[in-house]
Amino acid sequence: MITVVGINYKTASVEIREAFSFTPAEVADFLRKLQAKKLIQGGFLLSTCNRMEIVCIPSEVGDNAIHKIISEVLEYKQQPPEMSRYFFYLVEERAMLHVFSMASGLKSMVRGETQILGQLKDAVSISRSGNLLPSVLLRLVDKTLEVAKRIRSTYTISHAQSSAGAAAVNMINGKYGSDITVGKTLVLGAGQMADTVVKALKLLGVNDIRIYNRTIERASRFANKHHIDHYYHSDQLSSALQEVKWLWVATAASSPIVDAALLKETHAEEEPIVIFDLAVPRNVEIDVLGLPNVRLYGIDDLREGSPEEVDERFPSNVAVKELLTEAVEEFKLWRDGLALRDVYGQIRSEIEIYLEGELKYLANIDSPEVRSLIEKHLTHLSTTISSSIISKVRRISEETEDTRYAEALLKILQTP
């Protein structure tokens, strides 16, 4: 049963989301633990600034299995039981719809953003390299990418903001106007988010951009790519911050790297600085709000206006629902066929084992012709019985629109 369980910007604030942020190494380790404890057959985990969601196939059916997974997340992240109230879960059709919509940018805080596709592919890559993805989820991922491409090519959704970084720049531009082009601008980070921030800034005519990254190699490579003259690295953060008016934090540090003490060293009390912290977990300490010259914004500030609001850039609710529903039905048909094929193969295998046992009683038959005739008859009998059973399973599955009968039969046949 395909299941999505986790938290996102709709169910939890950034303060909560950062407590459940996973590094790539933690993702692989955690999923292996779930698999080792027989809580899931396999899955992948998406950890971004907007969400921490696990797409998986639980080993058991029912709410109890979901609660066990949530408990494991809480234990792994050393969070109290009451944090479970921020979690949601979806199963089967609703889970498929969620994954398809999410990959299409329709479930993002910045509706229509394309960065989610890369994040999804990275999450899947981690699970594939660790042999953590069953064939059904691999097919779900293929279908998801197909659906996302179909939605983005059918509608003008790709004309929307491409990422949270671009949306953040445009939000600050909306608040401060042309002032954004005046004074030094510093971008912390050299990853995908920093890339979108720099591109958006340059489109607005911001020229005095500096870069800081912990490693000199990445800082230099990023600066060369964007034709930026000034870059900093290693222990040069304090120097980089000197007299900066606009600070964009797009790093992946596990704890804050900018705090009030650091800003006091680099800025006079009357010198204003605008900071946008795009990181989750947050990389700017909340104590900077105690400084009179600081204006701090975060990823949740992009929620101004309803993310569900439909405008001319996006397909109507009716159109997108029809497309997504069709995709879910297509995937279910494929999966149902796979389940029936697996059942048919298992039935044939079981019957042939019994028939081979019966053939031992024919060891004394001297006539090769008679023996061949009997073997052909047993093969025909195996096919007839298997086909009869699978036909009945298919009929009841179609009548009830439920694959549990095939899945239950398969489980029985696979039990030693």
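Quick notes on this one:
- Kirkwood Rh and Cα Rg combined as Rg/Rh, region 198-285: 0.94
- In this structure, the amide hydrogen of Leu291, modeled 1.01 Å from its nitrogen in the peptide plane, lies closer than 5 angstrom to no residue at least 5 positions away or on a different chain.
- One decimal place: the segment Asp63-Phe88 gains 7.9 nm when fully extended, by the rule 0.36 nm per residue minus the C-alpha distance.
- Kirkwood analysis of the Cα pair distances in the chain returns a hydrodynamic radius of 24.7 Å.
- Residues Ser135 and Asn170, FRET efficiency given R0 of 35 Å [Cβ-Cβ distance, rounded to 0.05]: 0.25
- Accessible surface calculations at 1.4 Å, restricted to protein heavy atoms, place the chain at 50 Å² per residue.
- Between Ser220 and Lys264, the contour length at 0.36 nm per residue exceeds the alpha carbon distance by 13.1 nm.
- For Lys245, a cut-off of 24 angstrom between C-alpha atoms picks up these lysines, skipping any fewer than 8 places away in its own chain: Lys175, Lys184, Lys199, Lys202, Lys225, Lys264.
- Whole-number D in µm² s⁻¹ for region 121-229, Kirkwood Cα-pair radius fed into Stokes-Einstein, 37 °C, 0.692 mPa s: 197 µm²/s
- Computed log10 I(q)/I(0) for region 56-159 at 0.21 Å⁻¹: -1.24, from the Debye equation with unit scatterers placed on every C-alpha and solvent omitted.
- Accessible-area composition of the chain, carbon plus sulfur, in percent [1.4 Å probe]: 51 percent
- Cα gyration tensor, region 27-111 - rounded (a/c under 1.5), prolate or oblate: prolate
- Share, in percent, of DSSP beta bridges within the chain that are antiparallel, nearest 5: 45 percent
- Ala408/Asp366 FRET efficiency (R0 51 Å; Cβ-Cβ; nearest 0.05): 0.70
- Percent RCO, i.e. relative contact order, over the chain, from Cα pairs under 8 Å lying at least 6 residues apart: 13 percent
- Phi-based couplings in Hz for region 374-380 (Karplus 6.51, -1.76, 1.60; Gly and Pro marked x): 5, 4, 5, 5, 5, 5, 4
- Taking label points 7 Å from Cα along the Cα-to-Cβ direction, Glu146 and Lys38 give a separation of 3.4 nm.
- Computed from the C-beta positions of Lys121 and Lys376 and an R0 of 51 Å, the FRET efficiency is 0.50 to the nearest 0.05.
- Neighbourhood charge, 12 Å Cβ-Cβ cut-off, centred on Ala148 and excluding it, Lys, Arg +1 and Asp, Glu -1: +3
- C-alpha center-to-center spacing [region 254-306, region 206-253] in angstrom: 17 Å
- Rounded to 10°, Cα long-axis angle of helix 317-359 versus longest principal axis of the chain: 40 degrees
- Extension gain for Ile16-Asn207 works out to 65.2 nm (0.36 nm per residue, less the C-alpha to C-alpha distance).
- Distance between modelled label sites at Gln242 and Ser388, nm, 7 Å Cα→Cβ extension: 9.0 nm
- Cα-based reach from Lys360 at 20 Å (exclusive), listing lysines while leaving out same-chain residues under 8 positions away: Lys376
- The chain - mean residue ellipticity at 222 nm from DSSP helices (-39,500 (n - 2.57) per run, n ≥ 4, rounded to 500): -16500 deg cm²/dmol
The values are calculated or read from the model by the stated rules, or taken from the named source; none is laboratory data. Note that the structure is predicted; figures quoted are calculated from it, not measured. All Cβ positions, glycine included, derive from the backbone under ideal geometry; neighbour counts span all protein chains shown. Ligands, DNA and RNA are excluded from the accessible area calculation, which covers all protein heavy atoms including side chains. Shrake-Rupley method; radii C 1.70, N 1.55, O 1.52, S 1.80 Å.
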